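The structure under discussion appears below in the form of structure tokens.
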Amino acid sequence: MALPIHNVELRPQGKLLIKGGKCVNEDRAFEADVYIEGGVIKEVGQNLTASSECKVIDATGKLILPGGIDTHTHMQLPFMGTFAIDDFYHGTKAAIAGGTTMIIDFVLDQRGVSPLQAYDKWRAWADEKVCCDYAFHVGITWWSEEVAKDMEVLVKEKGINSFKVFQAYKDVFMLDDGEILEVFKKTKELSAIAQVHAENGHVIDQKSQQMIDLGITGPEGHAMCRPEEVEGEATYRAIVLANQARCPLYVVHVMSKTAANFVADAKKKGHVVFGEPTAASLGTDGTSYFHSCWKEAAAHVTSPPLRPDPSTPGCLMNLLANGDLQTTSSDNCTFTTTQKALGKDDFRKIPNGVNGVEDRMSVIWEKGVQSGKMDACRFVAVTSSTAAKIFNIYPKKGHIGVGSDADLVVWDPEATRTISAKTHNHACDFNIFEGMEVHGVPVVVVSGGRVVKDEEGLHLTQGSGQFVPTPPNAPYVYGRVALRDQALAPQKVDREAYDGPVIELATKVEEVTVCESAPPSVANDGIIHRPPTRGGGRNMQESSFSFSGDQFDDSKQRNSSRVSNPPGGKSQGLW
């Protein structure tokens, strides 16, 4: 049954004491009470006492976790002719229901629109609706000097420290390699973080048309025109470009083993690169694209696609648990069945996106902790703390400690629930995790010092969330970049100048006019002369030998003789 929702006036940030639980940070778990006042953690310790006006929450036998940080959402995104159905209200409501107390969404407008103007538009959409705190990444969908100037203002004045480029969505969001390199260079100059959607847009464009030509119009075509190697190649190429710009790189929605391995290998080589799998890529696979039910198949259409290889989720979870991948997101971008039906006759027109912001925490607990692949501390790292460090809001977020924001979750690791579209808090009518039973349930959620979820349901106030600036030059990202740049800087070789002879070219290069199609010329001496080479030298294919014209023995009488046995032997009986 869905939780009751109480839309209430903004509750005051009163005094709150969470008692009897085990606090879990990324580095350690410890028994402690947590005292909150004015939206901030004031004290962490054992046997804390509460005043008469302090609300007490009993967390005995449960865990106290930092609220989740979802690093990648698209609320009410205008996309493929429609808008994502989860707006900033429904999306953050679902986030809170699942234990996430902060999202980082994307400002993502059309080519030609000023990133600064797009930022103002997205802020206006979000500020009046969000139920939890939020921040923004900004997508760079075209390149010019004006865009570069906007990036500088966004970092220095608007609280943005991350910029995303696309190698896919040709003629919509996609940049070419030269433009991507310029974005990376500017991002590095601003001490910000580059992000990339890694798929080869040219290959996808051609293969998707090939599918249509073959009569493949259903959702399976989406998966077949975006094979795993297309994501892998683009991931490797983005890593190379970022490394050449000496810019930290964050690869969003890692969906395949190939892409994940490229990220892991780059980290082993010392590159500053981070990988972000999603709840979808960790919790399910792409076999549903081949389901006989169109609705079922279309509901899973997202980009990059889920992989049909059923071993992919487990492999990605192993890499996440071991530190080869660093954060987790939902890439929440939801559409109803009727919206997805825009592509009922052409998979290229199916709006891309799936749910996940509500179920991310529980899916990762089930597939990661409950399976024995990671402990509770690593769970905190991949669902909040590492994200807070990368985007430079730690320990304000992602940490239980004095002075940190009071964004907390009382988590019952033994409780279970069954995920279903009938009970979720999204505005969409389908859930890709339908029927999955998961351990780990948020029983109480505190956001900004206010109880926004408890046994009575959700206590929400539209517009109560705050925009959280993400400053540049995050120590977790840039702490080693300066010394790394110094170590890898090109070094001039000091040597004595060469003072020996230098050849003289027959014709100065700047005086040579090269014409690729220029025909050979015939001089008075009867010799055919070819044009000089690009370097101005003689064309070594020039020759005085020719079959044309008179030959020296044309005037002599030739004796004739009959050959009975030509070279190779006499022919007998074959003709």
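Structure notes:
- For Ala124, the conditions (1) in contact with a helix residue (DSSP H, G or I) (Cβ under 8 Å, 6 or more places away or on another chain); (2) small (Gly, Ala, Ser); (3) surrounded by fewer than 16 Cβ atoms within 10 Å (Cβ to Cβ) all hold with the exception of (1).
- Near pairs, Cβ below 6 angstrom, 6+ apart or cross-chain, from the stretch 121-132 (under 12 Å from Gln76 (Cβ atoms)) to any residue that is among the aliphatic types (A, V, I, L, M) and surrounded by 14 or more Cβ atoms within 10 Å (Cβ to Cβ): Trp122/Val107
- Subset of the stretch 96-116 (residues that are within 23 Å of the chain's Cα centre (by Cα) and not in a loop (DSSP other than H, G, I, E, B)): Thr100, Thr101, Met102, Ile103, Ile104, Asp105, Phe106, Val107, Pro115, Leu116
- Residue in the stretch 432-445 that is farthest from Ile41 (Cα to Cα), counting only those that are open to solvent by less than 20 Å² (accessible area, probe 1.4 Å) and within 29 Å of the chain's Cα centre (by Cα): Ile432
- Residues in the stretch 455-502 that are touching a strand residue (DSSP E or B) at 6+ places or on another chain (Cβ under 8 Å), in contact (Cβ under 8 Å) with a residue 24 or more places away in the chain and either of a type in the set (Gly, Ala, Ser) or open to solvent by 20 Å² or more (accessible area, probe 1.4 Å) (or both): Glu456, Gly457, Thr461, Gln462, Ser464, Gly465, Gln466, Phe467, Pro469, Ala474.
Yes or no, residue by residue, for (1) open to solvent by less than 60 Å² (accessible area, probe 1.4 Å); (2) not small (Gly, Ala, Ser):
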residue: Tyr134; (1), (2): yes, yes
residue: His137; (1), (2): yes, yes
residue: Ser144; (1), (2): yes, no
residue: Val147; (1), (2): yes, yes
residue: Met151; (1), (2): yes, yes
residue: Glu157; (1), (2): no, yes
residue: Ser162; (1), (2): yes, no
residue: Leu175; (1), (2): yes, yes
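- Subset of the stretch 386-431 [surrounded by 22 or more Cβ atoms within 10 Å (Cβ to Cβ) and touching a His at 6+ places or on another chain (Cβ under 6 Å)]: Asn431
- Options Glu43, Glu53, Glu37, Glu31; residue that is surrounded by fewer than 20 Cβ atoms within 10 Å (Cβ to Cβ) and modelled with pLDDT under 95: Glu53
- Of the helices (runs of 4 or more DSSP H) lying entirely inside the stretch 337-442, those containing at least 2 residues that are touching a residue at least 60 places away in the same chain (Cβ under 8 Å) and among the hydrophobic types (A, V, I, L, M, F, W, C) are 360-364, 376-380, 386-390.
- Flag if Val273 is hydrophobic (A, V, I, L, M, F, W, C), more than 22 Å from His222 (Cα to Cα) and either modelled with pLDDT under 95 or open to solvent by less than 10 Å² (accessible area, probe 1.4 Å) (or both): yes
The values are calculated or read from the model by the stated rules, or taken from the named source; none is laboratory data. The structure displayed is predicted, hence computed values, not measured ones. With ideal geometry, Cβ positions are generated from the backbone for all residues, glycine too; neighbour counts draw on all protein chains shown. Please note that ligands, DNA and RNA were not included when accessible areas were found on the heavy atoms of the full protein model with its side chains. Shrake-Rupley method; radii C 1.70, N 1.55, O 1.52, S 1.80 Å.
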